[in-house]
Amino acid sequence: MTNRAGDLNLKPIEGKSHVKGKKTASLSRETIPSLLASTVAAFGDREAAYFAETDRRLSYAELTKEVDTLAAGFLALGLEKGDRIGIWSPNRLEWLLTQFATARIGLVMVNINPAYRLSELEYALNKVECKALVTAAAFKTSDYLSMIRDLAPELDQCEAGELMAKRLPCLKNVIQMGEKTEPGMYRFQDVLAKGEPGNRDELDQITASLSPDDPINIQFTSGTTGSPKGATLTHYNIVNNATFVTAALELTERDRLCIPVPLYHCFGMVMGTLGCVTKGAAMIFPGEAFEPHATLQTVAQEKCTALYGVPTMFVAMLEHPEFGTFELSSLRTGIMAGAPCPVEIMKKVIADMHMSEVTIAYGMTETSPVSFQSGVNDSLERRVTTVGRIHPHVEVKIVGEDGVICPVGDQGELWTRGYSVMQGYWNDEEKTKESIVEDGWMRTGDLAVLDDEGYCNIVGRVKDMIIRGGENIYPREIEEFLYGNPKVQEVQVFGVPSDRLGEEVATWIVLAPGEECSEDDIRDYCKGQIAHYKIPKYVRFKSELPMTVTGKPQKFVMRDAMAEELGLIAAKTA
Ligand code: AMP
């Protein structure tokens with residue numbers, strides 16, 4: 001509940017854009033496996049997970065049993081505490097088991113984006129020296145096994161567990177989720193069967209030897225530009241963040257959280273799965289990848305009380321032609337996060353999806369991830385227009401170009417510090433030093449403003465700012481404005497190069513179903529409402545916008561396509 005006295009502490013310090021989170025709840029020193037054990041002890045009979053696609057349901061007691069079976073299997077393969085083990089798969093039970101089985105014995109799980117292709121996979125596996133890879137066999141049009149064989153043709157000639165591949169020198173074990181036996185690979189089910197009683201006997205001893213400060217997870221950040229970086233997180237980082245995220249939702253063991261967001265991303269596996277484990281709540285997976293119809297159906301059928309999603313997922317659900325046919329009144333709360341959350345969409349989620357206590361969270365993989373989140377008791381206005389206030393035990397300052405903390409209300413780059421900051425990028429001291437600067441501050445690259453109550457607004461990315469004839473333009477502001485036009489379903493604003501002005505404003509728009517609109521209509525809608533220099537010079541209508549799976553707009557793709565179409569020099573995207 002909102003604690004009035006505590007709230008005063010969340011206000012900016014001395015009129016500056018500098019806030020510190022509450023310390024009323026102490027930080028936990030539990031490791032992931034000891035947290036799971038406590039939850040099983042308290043809520044063993046309660047439902048832990050349901051996978052709609054396979055209709056598989058597990059209680060917490062069943063989940064922990066399977067987790068131990070898999071952990072024993074990993075030990076039987078010779079994997080040891082500290083070894084890195086990749087996972088490359090959409091949302092499946094095997095993913096959940098791998099998450100908790102690796103943590104049980106201190107293996108460092110490495111999340112690999114299911115959308116990665118050969119060069120990214122090769123880079124990720126080699127960068128962190130993965131000894132094992134757990135992989136889906138196939139998903140939709142992706143044939144994971146043939147991609148792995150392309151990288152490691154030696155698989156055809158080796159025994160499972162004895163791979164020696166030229167391009168993947170550290171990888172020994174490939175564990176695939178298919179039914180068929182494949183040359184050089186283990187089947188997931190074989191690994192489950194491999195653990196000997198001796199391996200099982202070791203589990204508790206290994207768990208007891210783990211420190212909360214051990215790295216336990218490397219998340220390759222999706223990044224919309226640049227090469228992927230392996231953010232390295234400890235038990236301490238993510239157990240605590242998961243605890244605070246679901247506490248802000250007032251989640252309990254009676255809640256049922258629908259998780260359509262990908263597990264390879266912190267939204268799924270920290271805020272989602274681990275967040276549920278901290279409370280004994282049920283994790284409900286509507287599908288292997290997000291699909292609006294399946295998500296709505298699962299929420300209705302499973303009577304979910306909470307729902308997570310990035311803004312584009314909520315847009316897709318709200319716009320679904322059958323939206324009105326689903327009974328969603330079981331919903332109470334949830335989180336929209338991962339990208340700017342338009343006010344209009346938040347309002348609809350509250351009014352039409354019954355999520356009266358929905359919150360917005362803001363954060364990044366490198367900070368475990370969340371550092372701001374609205375509370376279920378914050379006013380409606382604050383909940384739809386800001387990312388809430390500072391999370392417990394976290395400190396944030398907003399810094400101007402001169403490196404000095406801005407006055408309240410001024411915009412600058414958001415810096416975060418506290419328990420939640422990652423250990424660093426695995427095996428990349430240089431990039432770590434660029435991001436985590438003196439005194440442990442993580443530079444987020446996000447532009448933000450704090451108000452005098454400590455509520456935060458994310459204005460955009462430092463790099464996305466458009467400079468047109470010397471005027472600084474924040475795409476987010478124009479996007480919010482255009483979302484107010486009922487004809488507009490999705491919109492992104494970005495800069496394109498201009499000889500005369502340096503940059504010009506461009507927008508790509510997806511119209512709501514059945515709507516028609518011209519470029520001039522959009523400009524007319526802006527005239528007299530926003531400053532002339534912010535009115536998009538280029539307007540294009542698209543059937544969809546390039547987004548990452550985690551809902552991040554790929555502005556560099558839009559920028560390059562527009563520059564090419566207009567015959568301009570390709571914009572610099574790095
Ligand atoms: P990732 O590391 O993939 O979680 O991406 C982190 C980035 O997503 C942040 O640095 C922000 O740019 C963006 N982001 C996350 N949550 C929000 C939010 N609520 N509002 C605006 N941007 C967000």
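The values are calculated or read from the model by the stated rules, or taken from the named source; none is laboratory data. Everything quoted here is computed from the prediction, not taken from an experiment. Note: ideal-geometry Cβ built from the backbone for every residue, glycine included; neighbour counts use all protein chains shown. Accessible surface areas use protein heavy atoms only, side chains included; no ligands, DNA or RNA. Shrake-Rupley method; radii C 1.70, N 1.55, O 1.52, S 1.80 Å.
What's log10 of I(q)/I(0) for region 1-126 at q = 0.10, 0.12, 0.16, 0.23 Å⁻¹, Debye sum over Cα points only, no solvent?
-0.52, -0.69, -0.91, -1.30
Accessible area per residue for region 60-221 in Å², computed with a 1.4 Å probe and the full protein assembly in place, what is it?
That works out to 38 Å² per residue.
Mind checking the dipole of region 473-565: about its Cα centre, +1 per Lys or Arg Cβ, -1 per Asp or Glu Cβ, Debye to the nearest 20?
That gives a dipole near 260 debye.
Using alpha-carbon pairs under 8 Å, 6+ residues apart, how would you state the relative contact order of the chain in percent?
13
Compute the normalised compactness of region 232-382: alpha-carbon radius of gyration over 2.2 N^0.38 Å, N being the residue count.
0.95
Where the eigenvalues come from the Cα gyration tensor of region 60-221, what are the semi-axes √(5λ) of the equivalent ellipsoid, largest first, in whole Å?
Semi-axes, largest first: 24, 17, 15 Å.
So what is the relative contact order for region 473-565, in percent, with contacts set as C-alpha pairs under 8 Å and at least six apart?
So the answer I get is 27 percent.
In whole angstrom, note down how far apart the Cα centers of region 31-77 and region 398-452 are.
37
Out of the DSSP beta bridges found with both residues in region 305-439, what percent are antiparallel (nearest 5)?
Restricted to region 305-439, the bridges split so that about 55 percent are antiparallel.
Based on the alpha-carbon gyration tensor of region 135-204, what equivalent-ellipsoid semi-axes (square roots of 5 times the eigenvalues) come out, in whole Å, largest first?
24, 16, 10
Looking at region 473-565, what % of its DSSP beta bridges pair antiparallel, to the nearest 5?
In region 473-565, DSSP labels about 75 percent of beta bridges as antiparallel.
Near Lys22, which aspartates and glutamates are there with a Cα under 13 Å away, not counting those fewer than 8 places off in the same chain?
Asp7, Glu395
First select every other residue whose beta carbon is under 14 angstrom from the beta carbon of Met442; then total the charges, Lys and Arg +1, Asp and Glu -1.
Summing Lys and Arg as +1 and Asp and Glu as -1 gives -1.
Once the Cα atoms of region 457-519 are picked out, what are the Rg and Dmax in Å?
According to the Cα coordinates of region 457-519, Rg and Dmax are 12.9, 39 Å.
Only bridges with both residues in the chain count here: give the DSSP antiparallel percent, nearest 5.
Antiparallel bridges: around 60 percent, rounded to the nearest 5.
Could you tell me which of rounded, prolate or oblate describes region 337-466, using a ≥ b ≥ c as the square roots of the eigenvalues of the alpha-carbon gyration tensor, with rounded for a/c under 1.5 and, failing that, prolate when a/b is larger than b/c and oblate otherwise?
prolate
Could you order His235, His293 so the one with the most accessible surface comes first? Probe is 1.4 Å.
Largest accessible area first, the list is His293, His235.
Give, as a single signed number, the net charge of other residues whose beta carbon lies under 10 Å from the beta carbon of Gly409, with Lys and Arg counted +1 and Asp and Glu -1.
-3
What number comes out for the charge environment of Thr181, summing +1 per Lys or Arg and -1 per Asp or Glu over other residues with Cβ under 9 Å away?
-1
Let me see the pair-distance distribution of region 196-288: every alpha carbon pair, 5 Å bin width, integer percents in order.
Answer for region 196-288: a P(r) of 3, 12, 17, 18, 17, 17, 11, 4, 1, 0 percent.
Report, to two decimal places, the Cα Rg of region 493-551 normalised by 2.2 N^0.38 Å (N = number of residues).
Its radius of gyration relative to the 2.2 N^0.38 Å reference: 1.26.
If each Cα of region 441-547 is one equal point scatterer, what is log10 of I(q)/I(0) from the Debye formula at q = 0.17, 0.19 Å⁻¹?
Debye output, listed in q order: -0.85, -1.01.
For region 424-544, what does the accessible surface come to per residue with a 1.4 Å probe? Please give it in Å².
On a per-residue basis, region 424-544 sits at 48 Å².
What is the percent carbon and sulfur in the accessible area of region 529-570, measuring with a 1.4 Å probe over the protein chains and ignoring ligands?
Here carbon and sulfur together make up 52 percent of the probe-accessible area.
How big is the chain along each principal axis, measuring the range of its Cα positions in Å and listing the largest first?
Answer, in whole Å and largest first: 74, 57, 54 Å.
Using a 4.7 Å cut-off between beta carbons, which cysteines in the chain end up with no partner cysteine at all?
Unpaired cysteines in the chain: Cys130, Cys158, Cys170, Cys266, Cys276, Cys341, Cys406, Cys456, Cys517, Cys526.
Just from its helices, what would the mean residue ellipticity at 222 nm be for the chain, if runs of 4 or more DSSP H residues each count -39500 (n - 2.57) and the sum is divided by every residue, rounded to the nearest 500 deg cm²/dmol?
Here the helix-only value at 222 nm equals -8500 deg cm²/dmol.
Checking the table Lys433/Lys537; Lys81/Lys172; Lys347/Lys542; Lys140/Lys552; Lys81/Lys180 against a 27 Å threshold on Cα-Cα, which pairs fail?
Long pairs (Cα-Cα over 27 Å): Lys433/Lys537; Lys81/Lys180.
Given N residues in region 28-84, what is Rg(Cα) / (2.2 N^0.38 Å)?
Output field value: 1.31.
Select from region 58-114 those GluC sites (Glu not before Pro) which occupy a DSSP coil region and have at most 10 other Cβ atoms within 10 Å, ordered by residue number.
none
On a C-alpha basis, how far is the centre of region 189-212 from the centre of region 302-347 in Å? Whole number, if you could?
With region 189-212 and region 302-347 each reduced to a Cα centre, they are spaced 40 Å.
Looking at the square roots a ≥ b ≥ c of the eigenvalues of the Cα gyration tensor of region 174-244, which shape do they give, rounded for a/c under 1.5, prolate if a/b is larger than b/c, or oblate?
oblate
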